[in-house]
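See below for the structure under consideration.
The values are calculated or read from the model by the stated rules, or taken from the named source; none is laboratory data. Computed from a predicted model, the values in this text were never measured in an experiment. Note that we place each Cβ from the backbone using ideal geometry, even for glycine, and neighbour counts take in every protein chain shown. Surface areas here come from the heavy atoms of the whole protein model, side chains and all, with no ligands, DNA or RNA. Shrake-Rupley method; radii C 1.70, N 1.55, O 1.52, S 1.80 Å.
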Amino acid sequence: MATTMTNSEEPSLPNPNNNTQNSTNGDAEPHHHHDIEDEEEEDDEYDEEDDVVQQPNRRIPQSAASKLREQRFKVETLSRRLSSELVPIRVHDVVINGNTKTKDWIIEAELGGIENATSMQELVQFSKIAISRLQDLEIFDSCTVRLEAGPRELPNTANVIVDVVETGNKVSAKFSVYNKPSTSSWTAEGALTYKNFLGYGDLWDASLAYGANQATEVSIGVRAPRVRRFLTPFVARLSMLSQDWQETSSYKDQLVGASLGLISTKHHDLAYTLGWRTLADPSQMSSRSIRRQLGHGLVSSLKYTFKIDRRNSPIRPTEGYAFLSSTHVGGLTPDPRSLRFLRQEFDVRFAVPFGFYNTALNLGISAGAVFPWGHGFKTKPSPLPERFYLGGDFSPVCTLGGPTPLWGFRTRGLGPTEPRRLNRDESDDDNVDSSGWDFIGGDLAVTAFADLSFDLPIRWLREYGIHGHVFAGSGNAAKLTQNEFKHFSPRKFLESFRVSVGCGFVIPTSLFRLEGNYVYILRKGEQDRGKTGFRFSLSAPL
């Protein structure tokens, strides 16, 4: 550069030919001698400039401030170039550092095509996705991706350096208390997890869930992110679930079995379950429909779930939408004791923002149907545990999984009922109340709700996310099996919808949603278990 700059200035120097012509004039000789001296002085000055320009070859030490300015200039230049044009680049090598126990191919599987990037923009985007995937494995304390220049003989190449720090605490514990649709009381759950036992990113866990006088579940399971030649995580679980529904349906349900995840991606989930189910009635007071299904049964089922959730929050959504479709097929073995059924559920949610006081309207509608299949299915009942039971004091805003919640009604507190068998110790003159009826569930169920949430005028409440809401919910269930579909009337089904409205406050956290509501029931059935009043609910997002 210095030489070029010097050469570019040469045309401005005096022309020797013109100086020769001027030498014929004797008066001009002294002046010509003076010009030569000036030229020599100028040549000396140019030589000095050349020496000064060539000095950078001698590495002058830079101060910290100078280095910082130089780095900042390089970053700004690269940023302007990335925003204005595609910068071509090719990945030369991927280097993984810090994994003392985790297998390299486990980490490489989460890098997801980073080696196929063709531009700097793609490489940066793939690096962000890779960091997110590695953190989701829950086996690293930190994950960073660095880009370094490739070999000099290979221009426009880069080396991707992945630095990970494996977690030092292999064991973690979690404890939570919440309400969920499958239980009628608060459930306390504790879990222990051991991370990366085999070095495959595997998570081993044991959990215990207990609901007061209602449900107990003990399970152990393992989850590995990706196994060789498989594109989806490996998930397996052994469990024993015991549920006591004597208060509402006069039976106890116990299921011992195993489940295997076949497909598990962001939107798709396919799982197979094999288990042994036992239905018992210790009180011997159950209704006729329930007595006919008591005993043992084999569960061999396949469940596919498609889910899209584009809401900005599962606890307090203020914009977006969600959709869920679940298909459950049982009876995949030739054993006559196998429970054969087909269960389908749909759930749609919308959150519409209003633009003031963080106000948003959440709308949802859910529907589900279950039918037996096989020889003589028209006269057979659907399995009791697979039917739809409505009610429950928990928020439908958090749940996404079919028709169940309905404000103001107890769990399994509405829908088709049958009278229980009278106890011998009771007199026939005693009045029959709701406790003398069994809720047997419905083969068809539909629920809908509207929830308008808004910020409260107190500043410190807004800072903690505490807000108010007004809501309305409705739903109904009906029996269709055993030729009952012949008597089904859509008009009567809609006219018998249960309806409740109310208002209250919500305390959202990262783990659950606490509500304090006053609920007023506008319409309910004769045997329904629902009551107007104030109540609390604790809901976990599902």
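Scanning the range 131-180 for residues that are among the aliphatic types (A, V, I, L, M) and under 30 Å from Phe394 (Cα atoms) turns up Ala173, Val177.
What number of residues in the range 367-400 are at positive phi and open to solvent by 10 Å² or more (accessible area, probe 1.4 Å)?
Number satisfying all stated conditions: 2.
The set of residues in the range 227-256 that are surrounded by 15 or more Cβ atoms within 10 Å (Cβ to Cβ) and on the phi > 0 side of the Ramachandran plot contains only Ser250.
Residues that are outside the structural domain of Asp202 (by the TED database), modelled with pLDDT of 85 or more, more than 29 Å from Leu203 (Cβ to Cβ) and more than 29 Å from the chain's Cα centre (by Cα) are absent from the range 94-102 altogether. Determine, yes or no, whether Thr399 is modelled with pLDDT of 90 or more, touching a strand residue (DSSP E or B) at 6+ places or on another chain (Cβ under 9 Å), hydroxyl-bearing (Ser, Thr, Tyr) and closer than 24 Å to Tyr518 by Cα. In short, no.
For the range 211-226, the candidate set comprises residues that are surrounded by 15 or more Cβ atoms within 10 Å (Cβ to Cβ) and at pLDDT below 90; within that set, the residue that is farthest from the chain's Cα centre (by Cα) is Gln214. Can Gln344 be described as surrounded by fewer than 19 Cβ atoms within 10 Å (Cβ to Cβ) and either part of a loop (DSSP other than H, G, I, E, B) or not assigned by the TED database to the domain that holds Pro403 (or both)? The answer is no for Gln344. Taken over the range 401-424, residues that are open to solvent by 20 Å² or more (accessible area, probe 1.4 Å) and not hydrophobic (A, V, I, L, M, F, W, C) amount to 11. For beta carbons closer than 9 Å, sequence separation of 6+ or different chains, a first residue in the range 331-345 that is farther than 16 Å from Ala369 by Cβ and in contact (Cβ under 8 Å) with a residue 12 or more places away in the chain and a second that is among the basic types (Lys, Arg) and surrounded by 15 or more Cβ atoms within 10 Å (Cβ to Cβ), the qualifying pairs are Gly331/Arg340; Leu332/Arg340; Leu339/Arg277. The requirement of being at negative phi, open to solvent by 60 Å² or more (accessible area, probe 1.4 Å), without any contact (Cβ under 8 Å) to a residue 40 or more places away in the chain and among the charged types (D, E, K, R) is satisfied by Lys303. Consider the range 315-334 and keep the residues that are closer than 27 Å to Leu279 by Cβ and open to solvent by less than 40 Å² (accessible area, probe 1.4 Å). The one that is farthest from the chain's Cα centre (by Cα) is Thr333.
Screening Ser489 on (1) of a type in the set (Gly, Ala, Ser); (2) surrounded by 14 or more Cβ atoms within 10 Å (Cβ to Cβ); (3) modelled with pLDDT of 90 or more shows it passes everything except condition (2).
Comparison of Ser474, Ser510, Ser537 shows that the only residue that is buried (at least 19 other Cβ atoms within 10 Å of the Cβ) and farther than 22 Å from Gly442 by Cβ is Ser537. Applying the condition of being open to solvent by 50 Å² or more (accessible area, probe 1.4 Å) and within 16 Å of Asn99 (Cα to Cα) to the range 109-135 and asking which residue is modelled with the highest pLDDT yields Gln135. Yes or no: the range 279-300 includes at least one residue that is touching a residue at least 12 places away in the same chain (Cβ under 8 Å), more than 20 Å from Tyr251 (Cβ to Cβ), part of a strand (DSSP E or B) and open to solvent by 30 Å² or more (accessible area, probe 1.4 Å). No. A single member of Asn312, Asn358 is in contact (Cβ under 8 Å) with a residue 40 or more places away in the chain, over 21 Å from Leu480 (Cα atoms), open to solvent by 20 Å² or more (accessible area, probe 1.4 Å) and not in a strand (DSSP E or B), and it is Asn358.
Filtered by the rule that a residue be open to solvent by 40 Å² or more (accessible area, probe 1.4 Å) and hydrophobic (A, V, I, L, M, F, W, C), the range 155-165 gives a lone residue, Val165. Across the range 136-154, which residue is nearest to Pro225 (Cα to Cα) among those that are open to solvent by 30 Å² or more (accessible area, probe 1.4 Å) and part of a loop (DSSP other than H, G, I, E, B)? In this case the residue turns out to be Glu138.
Go through the range 238-255 and report how many residues are out of contact with any strand residue (DSSP E or B) (no Cβ under 6 Å at 6 or more places or on another chain) and farther than 11 Å from Ala280 by Cα. Residues in the range 238-255 being out of contact with any strand residue (DSSP E or B) (no Cβ under 6 Å at 6 or more places or on another chain) and farther than 11 Å from Ala280 by Cα: 1 in total.
The residues in the range 346-355 that are without any contact (Cβ under 8 Å) to a residue 12 or more places away in the chain and charged (D, E, K, R) can be counted, and the count is 0.
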